[in-house]
Structures are given as C-alpha cells and as structure tokens.
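K.L.:
Input: one structure, supplied below.
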Number of protein chains: 2
Amino acid sequence: MSNSKALPLIQAEVEPCCPPLNERPLTMEEADRASAMFKALGDPIRLRLFSQIASHADGEACVCDISDVGVSQPTVSHHLKKLREAGLLTSERRGTWVYYRVAPSVMASLARSFSVSG
Amino acid sequence: MSNSKALPLIQAEVEPCCPPLNERPLTMEEADRASAMFKALGDPIRLRLFSQIASHADGEACVCDISDVGVSQPTVSHHLKKLREAGLLTSERRGTWVYYRVAPSVMASLARSFSVSG
DNA sequence: GATCTAAGTTGACAATCGTCGAAGTAAGTG
DNA sequence: CACTTACTTCGACGATTGTCAACTTAGATC
C-alpha cells in the first residue's frame, strides 16, 4: 500500500454529551449522542473493560492486561472498538502493544449527566 | 440471621449499582447490574423518556405527558417497561392515568459511578 | 528473508432488540 | 349496560448485536 492516510484520530475533544438529565428534556440530537455512550457501557463485558482501563495504574492499560474477561481475544478487540467509537476510550500503539485510556473529560461529562440540578 | 427483622425493603430496589468505575475493576456481578442500567439508557427514545420524567415538575410525569417522542404509544409503553425493569423508574396508577418517576437514589448512584476517585 | 507475539478485521451465526398493529385490561361517564 | 380514554400486552417482523473461528496486519527478533 502507498500513501495511506491512516491516523484514525477520531478522538476529537469530548465535549459534554448533554445537560443533567433532570434539568430539561433532551433534544433528539442530545439523546442520540448521550445514548450512544450509555449503549457502549450497556454490555457487562464492555463495562468491565472500561472499568479495568479507568482504574488501571497511570490511567492506561495494555490490551494484554485486560483481556481476561471471559471472551475470546477478537471479541475483546471488538468491544474495545465499540468503546472507542463511542468516544469513551482512546488508543495508542507503542511498539508491539496497544494502550487504551479513558478519553479526556468523559468521566466528568457523564457524572454531570446525573448531577442533581434544582 | 442477624437481628434486623423489621427491615423495610420498599426502597431497597435501587442500591448503589457499583463503585466508581475508576476505583477498581468491576466484578462480574457489579458489571451485570450496572450495565443493565446503562443498557436501558442506551436507546435515544428511552433516554428522552427518562429525561422528560426526571425533569418534569414534581418529579413525576403521566404517560400522556411524555408520549410525544416519535414512536407509537405501544412502543412508549414498551420502553417505559424496560426502564422500570432496569430499576430506573417507578410507576403508579392513579385513577385513569399512570405516573412515572425516577426511582429513589438512581441519579446519585449513577453519578457516583463516574465520580473521580483518587 | 522467516518466525513469533499482539492486536485488529472478516464472515457467519444465533440471540436479542425496536417497532408496529391488534388485542386486552383498567378506569371513568353516561 | 355500552362507550370512551389511557395505557399494557401480544404476535410478528426486520434490524442490530455479541460471539467465535479464521485470517490479516503490525512490530520485534532472529
């Protein structure tokens, strides 16, 4: 292959997904965006992967560190992709290994969704 | 058994779903429980329904108030059932109408999942 | 080059999901 | 009783999802 314009770099800055859920009814656009995040966390395997990465030392984890969740390696890769596409994780290859970390401001943004307003 | 015999279980349906996601890796049981909640919020229609109820005056909303989300009324009922089964909503019939409200401690419990620990 | 390990992609499959129309239940009105 | 309104449940349909085996890509080492 030649001039590959690789560099996925889909990870634009994660802006707040939505206002607090009890502040006002979400618009359709807000609901689409936020539900995509919750949907990604709505699988027990994916949630465990996310938790393992979020709680790992230095805030990042190699796939080899977290692939012990009871499913095959391709399935782990599939779930990590889903989490990445939802904007929850970022990935970076360093040598042989690929490291995942929670995307910036994701925790704060989601926490805000459930913060009690009023 | 312990000496707690008159323990009221009415509000025990929603206990904290899990520790903060960046505190430690979730157990399978924790992941099952928490992912069920996120899964329920992982649909745009359901998330809008939840937001409409959570933001409604007096903290409760009649189905007739929130059924304008772009799908048929049986589908609304189906989604509300999913949210109820996930422990996110409670419902009560008063006369002709059925009122939904966010189950106790759900907002705080989910906010805690994303609170930054450490 | 060849070979090994790490991780991602593809293809296929059963299982689950979202949706609707039709039918059913519950409560109020006359 | 019949009729209306407000939901819920049922049955069916296409669409999406989670999973694995097989294959491919990427990097390190020989």
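The values are calculated or read from the model by the stated rules, or taken from the named source; none is laboratory data. These numbers come from a predicted model, not from an experiment. All Cβ positions, glycine included, derive from the backbone under ideal geometry; neighbour counts span all protein chains shown. For the accessible areas, the whole protein counts, side chains as well, though only heavy atoms, and no ligand, DNA or RNA atoms are used. Shrake-Rupley method; radii C 1.70, N 1.55, O 1.52, S 1.80 Å.
K.L.:
Given all pairs of different Cα atoms, what value in angstroms does the Kirkwood hydrodynamic radius of the protein assembly as shown take? Walk me through the numbers before you get to the answer.
P.N.:
Values: mean 1/r = 0.0528 Å⁻¹.
Mean inverse Cα-Cα distance, inverted, gives 18.9 Å.
K.L.:
Might you tell me the accessible area per residue for segment A:28-113, computed with a 1.4 Å probe and given in Å²?
P.N.:
Ligands and nucleic acids excluded, the result is 47 Å² per residue.
K.L.:
Rolling a 1.4 angstrom probe over the protein chains, ignoring ligands and nucleic acids, what is the accessible area of residue B:105 in square angstrom, nearest 10?
P.N.:
The accessible area comes out at roughly 60 Å².
K.L.:
Enter the mean number of other protein chain beta carbons within 10 Å of the beta carbon of each residue in A:102-108, as an integer.
P.N.:
Numbers: counts 2, 0, 0, 0, 2, 8, 3.
So the per-residue partner count for this stretch is 2.
K.L.:
Using the C-alpha gyration tensor of segment B:28-113, what are the square roots of 5 times its eigenvalues, in whole angstrom, with the largest one first? Before the final figure, lay out each step's value.
P.N.:
Numbers: eigenvalues 96, 41, 25 Å².
Here the semi-axes work out to 22, 14, 11 Å.
K.L.:
Can you tell me, using C-alpha contacts under 8 Å and at least 6 residues apart, the relative contact order of segment A:28-113 as a whole percent?
P.N.:
Values: 81 pairs, mean separation 25.2, N = 86.
So the answer I get is 29 percent.
K.L.:
7 Å from Cα along Cα→Cβ at both residue B:96 and residue A:97: what's the point-to-point distance in nm?
P.N.:
A separation of 6.5 nm, rounded to one decimal place.
K.L.:
Tell me, what is the FRET efficiency for residue A:81 and residue A:32 to the nearest 0.05, using R0 = 25 angstrom and their Cβ-Cβ distance as r?
P.N.:
Details: r = 19 Å, r/R0 = 0.78.
E between residue A:81 and residue A:32, to the nearest 0.05, is 0.80.
K.L.:
Run through the other copies and list how far each one's label point is from that of residue B:78, in nm with one decimal, shortest first; the point sits 7 Å from Cα along Cα-Cβ.
P.N.:
So the distances to the same position in the other copies read 2.4 nm.
K.L.:
To check my understanding: the extent here is largest minus smallest coordinate of the Cα atoms along each principal axis. What are those three numbers for segment B:68-118, in Å, largest first?
P.N.:
Each principal axis gives a Cα extent; for segment B:68-118 these are 49, 25, 17 Å.
K.L.:
Something else now. Mind ranking A:43-50, B:92-99, A:22-29 by how tightly packed they are, going by the mean number of other C-beta atoms within 10 angstrom, highest first?
P.N.:
Most protected by this proxy first, the peptides run A:43-50, A:22-29, B:92-99.
K.L.:
Through the Karplus equation 6.51 cos²θ - 1.76 cosθ + 1.60, θ set to phi - 60°, convert the phi angles of segment B:24-36 into ³J(HN,Hα) values in whole Hz; use x for Gly and Pro.
P.N.:
Computed from phi, the couplings for segment B:24-36 are 6, x, 5, 6, 5, 5, 4, 5, 4, 5, 6, 5, 5 Hz.
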